[in-house]
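The structure under discussion appears below in the form of structure tokens.
The values are calculated or read from the model by the stated rules, or taken from the named source; none is laboratory data. These numbers were taken from a predicted model, which means no experiment stands behind them. FYI the Cβ positions are ideal-geometry reconstructions off the backbone, even for glycines, and counts take in every protein chain you see. What goes into the accessible areas is simple: the full protein's heavy atoms, side chains included, and nothing from ligands, DNA or RNA. Shrake-Rupley method; radii C 1.70, N 1.55, O 1.52, S 1.80 Å.
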Amino acid sequence: MKAQKRLGILTSGGDCPGLNTVIRAVVSHAILTYDWKVLGIPYATKGLLERKTIPLSLHSFDLRGIDPLLNMGGTILGSINKGDTLNQIDELICAYRDLELDALIGIGGDGSLAILNKLQLIGNWQFIAIPKTIDNDVALTDRVVGFDTAINTIVDSLNRLTFTAASHDRVMIVEVMGRSAGHLALCSGIAGGADVILIPEIPYSIKGICQHLAELREKWERRFAIVVVAEGANVADDSSLYKSCQTPSCGMAQYIADEIRNCSHNKLDIRVSVLGHIQRGGIPTALDRLVATAFGKAAVDLIAAGESGKMVAWQNGQVKSVALNDVLAQSPLHVAKNHYLVETASALGIYIGNER
């Protein structure tokens, strides 16, 4: 009699909403369709090194028939985004064999997936990757788990800040995540009604920001403004302050606030809000739940078909598989200067930089 297949699953890198929804889909499909045993590996490669597993079943987390994994943020398996994993390759490969795993599903961003891909190549594991990140910078996929919820969280914050900004005639500068990619700032800024959006990919000037804010007041009689800045935005070429500032150590929102105060002839009332890890929390949106569920189901089917070294991807409204090597061979997905959303922002009168 053939032994029951043992499927491992782990979450790696920064957390985001929708990870538990992926786990739920993997566990449900693997057990109901293929009768496999599913083992959660806590804290990614740390748990693997320690040979720790959590048996996962259809009823592991039910609460009187209620399935909490569908709408629970974070990850029940825990996650890590630091460590010297690549210095322990041999031990990790031995750990995979000691746990008698037949296959592994890893949920992570491009950094985590690069490490896991190297491990599976050296260890000859059967491995399928699922992309997640609130930065939306994984190549060869139109959607990733967590991005949509993060946008909605930021937009909700911008809605709240807009009311208080309007009440006190203030300029609200909101710093969002995005170290090298501006998707989060761009999408949330447009959806949240920002007047200025600053992202890593597009240069801007302090003079341009100040002129835009002055025009809002003088031409459109708007006495408040919302500025969204990605944490990884660059220092402006015409900066009068922080010439040696290396982001994000100096804090981009505070930097922009100080620059505006320095260049503005009017004494603007400016406030800074850094959203930080609020963006990673919350209940996953319907779209993130759908993407996470579809990715989890597809990953299990790829394992069943004997595939390995693949990443599930959302392309043209469908879930497909792409070679993980091809994903990692490309640079992280950045915002193109001629991106249609960049052009949309400019067409709506949002200052987004001096790229033209």
Can you tell me which residues in segment 124-158 are hydrophobic (A, V, I, L, M, F, W, C), open to solvent by 10 Å² or more (accessible area, probe 1.4 Å) and under 16 Å from Trp314 (Cα atoms)?
-> Leu140, Phe147
Scanning segment 1-25 for residues that are in a loop (DSSP other than H, G, I, E, B) and crowded, with 24+ Cβ neighbours inside 10 Å gives Ser12, Cys16, Pro17, Gly18
Of the residues Ile173, Ile197, Ile190, which is of a type in the set (Val, Ile, Thr) and more than 19 Å from Val272 (Cβ to Cβ)?
-> Ile190
Looking across segment 91-120 at residues that are open to solvent by 50 Å² or more (accessible area, probe 1.4 Å) and in a loop (DSSP other than H, G, I, E, B), the single one that is farthest from Gly309 (Cα to Cα) is Glu100
Matching entry among Thr75, Thr85 (being of a type outside the set (Lys, Arg), in contact with a Leu (Cβ under 6 Å, 6 or more places away or on another chain), surrounded by 18 or more Cβ atoms within 10 Å (Cβ to Cβ) and in contact (Cβ under 8 Å) with a residue 40 or more places away in the chain) = Thr75
Just for segment 311-327: of the residues that are assigned to a strand (DSSP E or B) and small (Gly, Ala, Ser), which one is most open to solvent (accessible area, probe 1.4 Å)?
-> Ser321
Considering only segment 226-237, how many residues are over 15 Å from Ser188 (Cα atoms) and at pLDDT 90 or above?
-> 5
Which numbered condition Ala181 fails, given (1) touching a His at 6+ places or on another chain (Cβ under 6 Å); (2) of a type outside the set (Asp, Glu); (3) on the phi > 0 side of the Ramachandran plot | (3)
Scan segment 298-310 for residues that are open to solvent by less than 60 Å² (accessible area, probe 1.4 Å) and not polar (S, T, N, Q) and jot them down.
-> Ala298, Ala299, Val300, Asp301, Leu302, Ile303, Ala304, Gly306, Gly309, Lys310
Any residue in segment 337-351 that is crowded, with 17+ Cβ neighbours inside 10 Å, outside any helix (DSSP H, G or I) and in contact with a His (Cβ under 8 Å, 6 or more places away or on another chain)?
-> yes
Taking segment 26-45 and keeping residues in a helix (DSSP H, G or I) and surrounded by fewer than 19 Cβ atoms within 10 Å (Cβ to Cβ) leaves Ile31, Leu32, Thr33, Tyr34
Quick check: is even one residue across segment 215-226 in contact with a Gly (Cβ under 7 Å, 6 or more places away or on another chain), buried (at least 18 other Cβ atoms within 10 Å of the Cβ) and not in a helix (DSSP H, G or I)?
-> yes
